[in-house]
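So the structure is just underneath, and the comments pick up after that.
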Amino acid sequence: VDVEVDNPFPADAEFQLSLRTEFVTESGAPAQSKMESPIEPFHLPQTKKFRVKSGETQKLKIHFLPFEVGHCSCSVGFFDAKVGEFYIEVQGTASKPSPIEVIKMTVKAEEEEKKEILLPHKNQLMEKARLWLDQRSGQQGKLRPAADSVKYSVRLSSVFYKCNESVVVYASGKGPGSGDKEGAKAGKGDGKGGGSGKLSLSFHPKEPGIYPCTVTLTSAMDTRIYQIEGTGTAPNTRAALNFHTQARRPITQDIPVTNPTDKDWTIKCVLTQKEGRNEFTGPREIVAKKRGASGQALVTTYPLQFSPEWVCD
């Protein structure tokens, strides 16, 4: 972030920069970091000198790299022994990180689908942050490597999914076959020598539709997000219809289709008849309208017509 800084003094100044950070609540009250080893979220340029001529404005680049969700505030000090000193306050808000992976699940309504999510021991977003700190901020060693085992609490945003309340991710050599009894509960390695764990997730839709879910894993080391795109499909439905009519007199049967979701359905219809026969006709596709504003499911009908040219079965 480029912050414009005015020199309020009647003389040119070469300020020494200082930085003090604290975590705060949404209302601005002091708060404690939830990380085992808190990392400073604000960073100044490597040079600690900042020159501003009298009455002029210069831009100061402040880097904001938060490692946990929440609010934080920093006070940047400008000090020149010959001219004076002043402070500016910068506030930052960190939202949840981007999803590590988007996972799709599909199952028929009222049935259950299970999925095992492989959780690598190394968080690639954290690895990128470590590299940035090492290369640009000169703060080697500030970000500690992940422990041999990290326990995450798990939170789901949808009631249509179920999983354990916690999961443990192990480093390579600490999982199955390592002699660690507790490690035997973890999954196989991630193929990169980094170790892993597994989260078993079940999906049980009540009716056809789209069921999004955010899986949030939180530990004292980091926060991970997995996005689930679940689809509940309509169960197979079979019905027998009998048509009785006179030859060359068409008869139509409306077949109801109920759409309880918040999106229109485009339904393709295929009629399979004996070779050379075409007594049955109907549109190739219909649009089943989404549920109404009141939440009531709407019913769309498919008009199936039987029009025999002569006596037939």
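The values are calculated or read from the model by the stated rules, or taken from the named source; none is laboratory data. From a predicted model like this one, the values you see are computed outputs, not experimental measurements. Note that each Cβ is placed from the backbone with ideal geometry, even for glycine, and that neighbours are counted across all protein chains shown. SASA here: full protein model, heavy atoms, side chains in, ligands and nucleic acids out. Shrake-Rupley method; radii C 1.70, N 1.55, O 1.52, S 1.80 Å.
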Exercise for the section: Kindly indicate which of 128, 114 is open to solvent by 50 Å² or more (accessible area, probe 1.4 Å), outside any loop (DSSP other than H, G, I, E, B), free of Cβ contacts under 8 Å to residues at least 40 places away in the same chain and not aliphatic (A, V, I, L, M). Expected result: 128
Problem - Which listed residue is touching a Gly at 6+ places or on another chain (Cβ under 8 Å) and either open to solvent by 70 Å² or more (accessible area, probe 1.4 Å) or under 19 Å from residue 222 (Cβ atoms) (or both), from 66, 30, 38 - result: 66
Exercise for the section: Being outside any strand (DSSP E or B) and of a type in the set (Ser, Thr, Tyr) is the filter here, so list the residues in region 222-244 that pass it. Expected result: 237
Fill in the blank from the handout: Of the conditions (1) in a loop (DSSP other than H, G, I, E, B); (2) modelled with pLDDT under 80; (3) at negative phi, the single one that residue 164 does not satisfy is (2)
Exercise for the section: Restricting attention to region 181-221, report how many residues are among the charged types (D, E, K, R), assigned to a loop (DSSP other than H, G, I, E, B) and either open to solvent by less than 10 Å² (accessible area, probe 1.4 Å) or at pLDDT 70 or above (or both). Expected result: 2
Handout entry: From the options 273, 296, residue that is in contact with a Phe, Trp or Tyr (Cβ under 7 Å, 6 or more places away or on another chain) and either assigned to a loop (DSSP other than H, G, I, E, B) or modelled with pLDDT of 90 or more (or both)
Key = 273
Problem - Condition check for residue 254: at pLDDT 85 or above and open to solvent by 70 Å² or more (accessible area, probe 1.4 Å) - result: yes
Exercise for the section: Quick one: residue 63 ticks every box in (1) in contact with a helix residue (DSSP H, G or I) (Cβ under 9 Å, 6 or more places away or on another chain); (2) closer than 30 Å to residue 199 by Cβ except a single one, so which number is it? Expected result: (2)
Exercise for the section: Name every residue in region 71-108 that is more than 26 Å from residue 25 (Cα to Cα) and either in contact with a helix residue (DSSP H, G or I) (Cβ under 6 Å, 6 or more places away or on another chain) or not in a strand (DSSP E or B) (or both), in order of residue number. Expected result: 81, 82, 83, 100
Practice task
May I ask you to verify whether residue 48 is surrounded by 14 or more Cβ atoms within 10 Å (Cβ to Cβ), more than 30 Å from residue 151 (Cβ to Cβ), charged (D, E, K, R) and at pLDDT below 90?
Solution key: no
Handout entry: Tabulated pairs, region 46-70, first closer than 28 Å to residue 24 by Cβ and without any contact (Cβ under 8 Å) to a residue 24 or more places away in the chain, second outside any loop (DSSP other than H, G, I, E, B) and open to solvent by less than 70 Å² (accessible area, probe 1.4 Å), C-beta under 8 angstrom, 6+ apart or interchain
Key = none
Practice task
Please work out which one of (1) over 43 Å from the mean Cα position of the chain (by Cα); (2) outside any strand (DSSP E or B) is the condition residue 252 fails and give its number.
Solution key: (2)
Problem - Number of the condition not met by residue 301 [criteria: (1) surrounded by 10 or more Cβ atoms within 10 Å (Cβ to Cβ); (2) under 17 Å from residue 207 (Cα atoms)] - result: (2)
Problem - Unmet criterion (only one of (1) within 30 Å of residue 36 (Cα to Cα); (2) part of a strand (DSSP E or B)) for residue 58 - result: (1)
Fill in the blank from the handout: Scanning region 226-249 for residues that are of a type in the set (Ser, Thr, Tyr) and within 37 Å of the chain's Cα centre (by Cα), the one least open to solvent (accessible area, probe 1.4 Å) turns out to be 226
Fill in the blank from the handout: Quick count over region 4-20, residues being open to solvent by 30 Å² or more (accessible area, probe 1.4 Å) and either closer than 24 Å to residue 129 by Cβ or assigned to a loop (DSSP other than H, G, I, E, B) (or both), is 8
